[in-house]
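**Student:** Pasting in a structure now, in structure tokens, and then I'll have a few things to ask.
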Amino acid sequence: MELVRATSLEQVDGGIAIHGGTEVVPLLRDGILQTEKLVDIRGVIPRGVAGNRIGAGTTLAELEVDPQVPDALREACRLAASPQLRNMGSIGGNLLQSTRCWYWRLKYPCHLHGGDRCHAREGEHREHAIFANDYCASAHPSDVAAALLALGTRVHTTQRELALEDLYRLPTVEERELVTLAPGELILELELPPVDASVYLKAMDRKRWAFPQVGVAAARVGGETRIALAGVAPVPWLLDGVDGLDAATPLPRTAWKVEVARALVRRAVTSVAAK
Amino acid sequence: MSDVLLTVNGQSYSAYAPVGMSLAQLLREELGFTGTKIACNEGHCGACTVQIDGVPVLSCITLAHNVTGEITTIEGLRDHPLIEAFVEADAVQCGFCTPGQVVSAAALVAATPDPTVDQIRHQMAGNICRCGTYPRIEEAIQKWRG
């Protein structure tokens, strides 16, 4: 394996891009990612916050203390991972992280790995999805993605501009990839439209350093509130209003997540209404 | 295999290592800095914490060839008052997590000399102690200046 330190975006052609490495390195070590070439993109990805634009190379640690950043995003960063991981991990990379589904991480031949079944549906799925879980029941683990989704974030890549929800797609038999980036396409910046109030609330199995069981972000613009959830579907999930949870399809051992989500949604909506 | 040039605790080192080797492995096995511990080896537990340019990071999931800043390991904090504070507070049981705890705590007190309990709990959350000495670690950090 070779490591190339990119000094221009043109140099990023082929191989696997690496920024903080908190996801890429463990996946390489476990053999889930394989490559002959790593490209260190830290030198070519914008970093820092300027007005309502956030460089994709900005770390979660930088964002959790930045007063320019909307509450929901700052709180999502603060509640994510551990201090060391927040020091290392970039917000762009955070959006591209893979599921924590134990079957996927242990390389079971599941739908996402090209196999013909979802082991979680039939097996252990306590932490898994309550929406869109008929083909793959994995849960998307990004707190930050839920916050950015509620905030109505636009994503600027090396090739285009798109709404954050269009960065993701649900896996199907024809297309198992959950992210819509083309090969070699990199996230450069995130653009956050102004909101009047926002919040991120997170249920986890301990108070710190845990992935979301359920994360709820809410952002209010005037009388309109957008709600997005982490940990409830294979991709970050935009909820169709406060009653959106009525459409949940929990598995036998994930019904509890619906109740947790209801409580957090209620609190989040009340919170942004009062701010 | 290729050369890696690193600055560790103020000294320059070079080593010959395969791309993909972790910083933790290089520090321990090639450069002899065995104070840095490898426990989970997957970025969860914090035993391998070192500072790069003063910022705590996980050396077990940092690629040695990808390091550009100056590294501080527990050996570089030999004279830090936190060491005595950990002893005084009896904040060590089996001791395996202690180097990582001290490396994280040193960055915390450098930025925030008088941290509150909540600040300590927030900034130390990435260092897991399976002996459960957390209350004494907290005490050591609160009393680090003696």
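**Student:** Could you tell me which of the residues A:S82, A:S138 is surrounded by 24 or more Cβ atoms within 10 Å (Cβ to Cβ), of a type outside the set (V, I, T), under 26 Å from A:L186 (Cβ atoms) and touching a Cys at 6+ places or on another chain (Cβ under 6 Å)?
**Tutor:** After ruling out the rest, the residue left standing is A:S138.
**Student:** Let me ask another. I'd like to verify a number: residues in region A:203-217 that are surrounded by 18 or more Cβ atoms within 10 Å (Cβ to Cβ) and either free of Cβ contacts under 8 Å to residues at least 12 places away in the same chain or among the aromatic types (F, W, Y) (or both), how many?
**Tutor:** 2
Residue by residue, here is whether (1) at pLDDT 95 or above; (2) outside any helix (DSSP H, G or I); (3) more than 20 Å from the chain's Cα centre (by Cα); (4) not assigned by TED's automatic domain parsing to the domain that holds A:P171 holds:
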{"position": "A:V235", "(1), (2), (3), (4)": "yes, yes, no, no"}
{"position": "A:D243", "(1), (2), (3), (4)": "no, no, yes, no"}
{"position": "A:D246", "(1), (2), (3), (4)": "yes, no, yes, no"}
{"position": "A:W256", "(1), (2), (3), (4)": "yes, no, yes, no"}
{"position": "A:A261", "(1), (2), (3), (4)": "yes, no, no, no"}
{"position": "A:V265", "(1), (2), (3), (4)": "yes, no, no, no"}
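**Student:** Regarding A:G15, is this residue at pLDDT below 95 and within 12 Å of chain B (Cβ to nearest Cβ)?
**Tutor:** Taking the combined requirement at face value, the residue satisfies it.
Residues checked against (1) over 23 Å from A:R121 (Cβ atoms); (2) touching a His at 6+ places or on another chain (Cβ under 8 Å):
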{"residue": "A:G215", "(1), (2)": "no, no"}
{"residue": "A:R220", "(1), (2)": "yes, no"}
{"residue": "A:I227", "(1), (2)": "yes, no"}
{"residue": "A:A230", "(1), (2)": "no, yes"}
{"residue": "A:P234", "(1), (2)": "no, yes"}
{"residue": "A:W237", "(1), (2)": "no, yes"}
{"residue": "A:D240", "(1), (2)": "yes, no"}
{"residue": "A:D243", "(1), (2)": "yes, no"}
{"residue": "A:W256", "(1), (2)": "no, no"}
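**Student:** Within region A:40-48, does at least one residue satisfy the condition of being at pLDDT below 95 and not assigned by TED's automatic domain parsing to the domain that holds A:L148?
**Tutor:** The answer is no, given that none of the residues of region A:40-48 is at pLDDT below 95 and not assigned by TED's automatic domain parsing to the domain that holds A:L148.
**Student:** When you go through B:Q119, B:Q93, B:Q51, B:Q101 one by one, which is the residue that is out of contact with any Lys or Arg (no Cβ under 8 Å at 6 or more places or on another chain), facing another protein chain (nearest Cβ under 10 Å) and either assigned to a loop (DSSP other than H, G, I, E, B) or modelled with pLDDT of 95 or more (or both)?
**Tutor:** Exactly one of B:Q119, B:Q93, B:Q51, B:Q101 is out of contact with any Lys or Arg (no Cβ under 8 Å at 6 or more places or on another chain), facing another protein chain (nearest Cβ under 10 Å) and either assigned to a loop (DSSP other than H, G, I, E, B) or modelled with pLDDT of 95 or more (or both), namely B:Q51.
**Student:** Still on this structure, please answer the following. Give me the pairs, please: first residue somewhere in region B:5-32 and within 14 Å of another protein chain (Cβ to nearest Cβ), second residue anywhere and β-branched (V, I, T) and part of a strand (DSSP E or B), beta-carbon distance under 6 Å, and either six or more positions apart or on two chains.
**Tutor:** Listed pairs, sorted by first residue: B:A17/B:V4.
**Student:** If you don't mind, there's one more thing I want to ask. Has region B:77-96 got any residue that is under 25 Å from A:T22 (Cα atoms) and touching a residue at least 60 places away in the same chain (Cβ under 8 Å)?
**Tutor:** Within region B:77-96 (the criterion being under 25 Å from A:T22 (Cα atoms) and touching a residue at least 60 places away in the same chain (Cβ under 8 Å)), the answer is no, since none of the residues qualifies.
**Student:** I've got another one for you. Are there any pairs with C-beta distances below 9 angstrom linking a residue in region A:74-103 that is within 12 Å of chain B (Cβ to nearest Cβ) and of a type in the set (D, E) to a residue that is surrounded by 24 or more Cβ atoms within 10 Å (Cβ to Cβ) and part of a loop (DSSP other than H, G, I, E, B), with the two at least 6 apart or on different chains, and if so which?
**Tutor:** Final answer for the pair search is none.
**Student:** Looking at region A:181-227, what strands (runs of 3 or more DSSP E) fall wholly within it and have at least 2 residues that are over 27 Å from A:D40 (Cα atoms) and out of contact with any Phe, Trp or Tyr (no Cβ under 7 Å at 6 or more places or on another chain)?
**Tutor:** The qualifying strands (runs of 3 or more DSSP E) are A:197-203, A:214-221.
**Student:** Please work out which residue is surrounded by the most Cβ atoms within 10 Å (Cβ to Cβ), limiting yourself to region A:188-202 and to residues that are closer than 19 Å to A:R86 by Cα and more than 14 Å from chain B (Cβ to nearest Cβ).
**Tutor:** Among those residues, the one meeting the criterion is A:Y200.
**Student:** Only one of these conditions is not met by B:W144: (1) buried (at least 19 other Cβ atoms within 10 Å of the Cβ); (2) in a helix (DSSP H, G or I). Which number is it?
**Tutor:** Failed condition: (2).
**Student:** May I ask you to say which residue of A:T249, A:T254, A:T225 is closer than 29 Å to A:R176 by Cβ and crowded, with 20+ Cβ neighbours inside 10 Å?
**Tutor:** None of the other options fit; the residue is A:T254.
**Student:** Residue check, A:A228 against (1) within 14 Å of chain B (Cβ to nearest Cβ); (2) touching a Pro at 6+ places or on another chain (Cβ under 9 Å), all met but one. Which one?
**Tutor:** Single failed check for A:A228: (1).
**Student:** Residue by residue through region B:111-129, note down the ones that are more than 14 Å from the chain's Cα centre (by Cα) and hydrophobic (A, V, I, L, M, F, W, C).
**Tutor:** If the condition is that a residue be more than 14 Å from the chain's Cα centre (by Cα) and hydrophobic (A, V, I, L, M, F, W, C), then B:A111, B:V117, B:I120 are the ones that fit.
**Student:** In region B:59-68, how many residues are buried (at least 21 other Cβ atoms within 10 Å of the Cβ), at the interface with chain A (Cβ under 9 Å from one of its Cβ atoms) and without any contact (Cβ under 8 Å) to a residue 40 or more places away in the chain?
**Tutor:** Counting residues in region B:59-68 that are buried (at least 21 other Cβ atoms within 10 Å of the Cβ), at the interface with chain A (Cβ under 9 Å from one of its Cβ atoms) and without any contact (Cβ under 8 Å) to a residue 40 or more places away in the chain gives 2.
**Student:** Moving on. Restricting attention to region A:106-134, which residues are surrounded by fewer than 16 Cβ atoms within 10 Å (Cβ to Cβ) and either within 26 Å of A:S90 (Cα to Cα) or not small (G, A, S) (or both)?
**Tutor:** Scanning region A:106-134 gives A:L106, A:K107, A:P109, A:H113, A:D116, A:R117, A:E122, A:E124, A:R126, A:D134.
The values are calculated or read from the model by the stated rules, or taken from the named source; none is laboratory data. Since the structure is predicted, the reported quantities are computational estimates derived from the model, not experimental observations. FYI the Cβ positions are ideal-geometry reconstructions off the backbone, even for glycines, and counts take in every protein chain you see.
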